[in-house]
1. Spelling out what I want: for every residue of region 32-42, take phi, set θ = phi - 60°, compute 6.51 cos²θ - 1.76 cosθ + 1.60 (Karplus), and round to whole Hz; glycine and proline get x.
2. Name the residues whose placed amide hydrogens come within less than 5 Å of the amide hydrogen of V290, ignoring near sequence neighbours (fewer than 5 apart) on the same chain.
3. Can you list residues from other chains, or at least 5 along the same chain, whose modelled amide H is less than 5 Å from the amide H of V261?
4. For semi-axes √(5λ) of the Cα gyration tensor in Å, which listed value, (i) 57, 33, 23; (ii) 66, 20, 18; (iii) 43, 28, 19, comes from the coordinates shown?
5. Students often get this wrong, so check it: of K208/K332; K226/K246; K310/K360; K2/K472; K79/K472; K79/K208, which have C-alpha atoms separated by over 28 Å?
6. Is the shape of region 93-219 rounded, prolate or oblate, going by the alpha carbon gyration tensor and its root eigenvalues a ≥ b ≥ c, with a/c under 1.5 for rounded and a/b larger than b/c for prolate?
7. Using a/c under 1.5 as the rounded threshold, could you call region 273-365 rounded, prolate or oblate? The axes a ≥ b ≥ c are square roots of the C-alpha gyration tensor eigenvalues, and prolate needs a/b larger than b/c, oblate otherwise.
8. Using Cα pairs closer than 8 Å and at least 6 residues apart in sequence, work out the relative contact order for the chain, in percent.
Amino acid sequence: MKICIVAEGSYPYVVGGVATWTHNLIRSFSEHEFIIVSVLAERSQRGKFQYEIPENVREIHEVYLNDAKWRNKTQGKVKLKAHEYQALRSLVLNQEVDWDAIFHLFQREAASVNDILMGPDFLRIITEYYQIYYNQLVFTDFLWMMRSIYLPLFLTLRMKVPRADIYHCVCTGYAGVLGSLGKYLHGGRMLVSEHGIYTREREEELIKAKWVRGIFKNIWIEQFRKMSILAYERADTVISLFNHAKELQIEEGCPAEKTRVIPNGIEVNQFENLPGKSREDAKWINVGAVVRIAPVKDIMTMIQAFHFAKERAPFLRLYIMGPWDEEEDYAKECFDLIRVMNVSDIEFTGKVDVREYYGKMDMVLLTSISEGQPLAVMESFASGKPVVATDVGDCRGLILGESDGFGEAGIVVPVMDVAGISSALLRLAYNQSERTRMGENGRRRAAALYRAETMYESYRTLYEAQASENQKEKEGEQKWRELVSN
């Protein structure tokens, strides 16, 4: 079986939960061939892999959303056919879209992104959209913003997606567009595994973003929503990590009958019997944070909360374990904050084998403003460590349990609540028996509910079922051709 994994801003270029999940999934199905189609921000990221590529990965393809070379692809004037024009108009005006017509248009050899984006048909459509909804704005600003919004999508639609039996998208968005395009071009089946709800996450980012202003935020949000709905409609199965995420998918337009919950899992035995504290460590209460240094992880709130906790518990020490070269400007802000606040005993380890650290931690901290079902929380549980985490994604369900009887395995705190996070750290720092009790609750929960082998078996069954359906469709098409020919 040939499986095409479609990732966006993730594997194999970024170290983190989704990328690690993807890497481990591929390695666990060595009997299958994999193709990677990865959506990247720009061409400068080309080939900068952060993982050793498994042997069963046969090809890696890249798609660039902000490709400076797009203007050089002009092949001549493109005249849209009537149904192509209507499909493009419906896409821009947020009407029901004939995606097959859109796919066919951008797969035409004669069509270039430059010709379409800078051509008279697109200008006419944008002018109509402007006159109906946004005529209070300066038209030239509006036109160029709309071109910047549609450029990434048009570049995505131009890709020659490789043939595969299954297109497995690890999010919706541009990855979902590519999976839908692959299914349109080659047939096969399509799966979507959402670790977070793509549309909600992009909306949160845009609300806070400084690079886009005013009403254009709403247009961008609607653009992401259109792409997610396409993925939901074209997918054969849409997977979430927990029940609330499934409910959100349905709210965002996913047909309920397509949804399925498959929780994350980890290799629990890899986090058992880890090396504990050294004699020097014994005088410290160690707090660990397994995160990449990025705004979504809200490291600045983490630093502030730790600082205020340390003022009342000088024996606290914080290890931040993860790369900082992906968001260098944000990392610099974090380092500057530590210097300005004069915070001591924070160590940035960079990318490390976290199993060398978990054993000497007393608790683990996660201050993200957005998550799915964090592997770091599960790893902490398997290591027997309690977790202080913000109330995002499935952190509440993981820590407090879904009526599973294991008991609380840490403390859930509000997002960006410096005082609440600091208080939680102090509560655990001064209560060893509570740390032990919560750590043991987490260990039992991970062992019972979040084993990698259970997750992989669910995907194995799903892959086989999809392959079987694919074969039935091919056999049906063959019989139909034979009947027609006779």
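The values are calculated or read from the model by the stated rules, or taken from the named source; none is laboratory data. Everything numeric here is computed off the predicted structure, so don't read it as measured data. Cβ coordinates were reconstructed from backbone atoms using ideal geometry, including for glycine residues, and neighbour counts include every protein chain displayed. In case anyone asks, the SASA skips ligands and DNA or RNA and just uses the protein heavy atoms, side chains included. Shrake-Rupley method; radii C 1.70, N 1.55, O 1.52, S 1.80 Å.
1. 10, 8, 10, 10, 10, 10, 10, 8, 10, 5, 7
2. M321, L365
3. Amide H neighbours of V261, under 5 Å, 5+ apart: S240.
4. (iii)
5. On the way: K208/K332 19 Å; K226/K246 18 Å; K310/K360 18 Å; K2/K472 17 Å; K79/K472 39 Å; K79/K208 39 Å.
As for pairs spanning more than 28 Å Cα to Cα, those are K79/K472; K79/K208.
6. Values: a/c = 2.47, a/b = 1.34, b/c = 1.84.
Oblate is the answer for region 93-219, as a/c is 1.5 or above yet b/c matches or exceeds a/b.
7. On the way: a/c = 2.30, a/b = 1.26, b/c = 1.82.
Cα axes put region 273-365 in the oblate bin.
8. Working: 848 pairs, mean separation 58.4, N = 486.
That works out to 12 percent.
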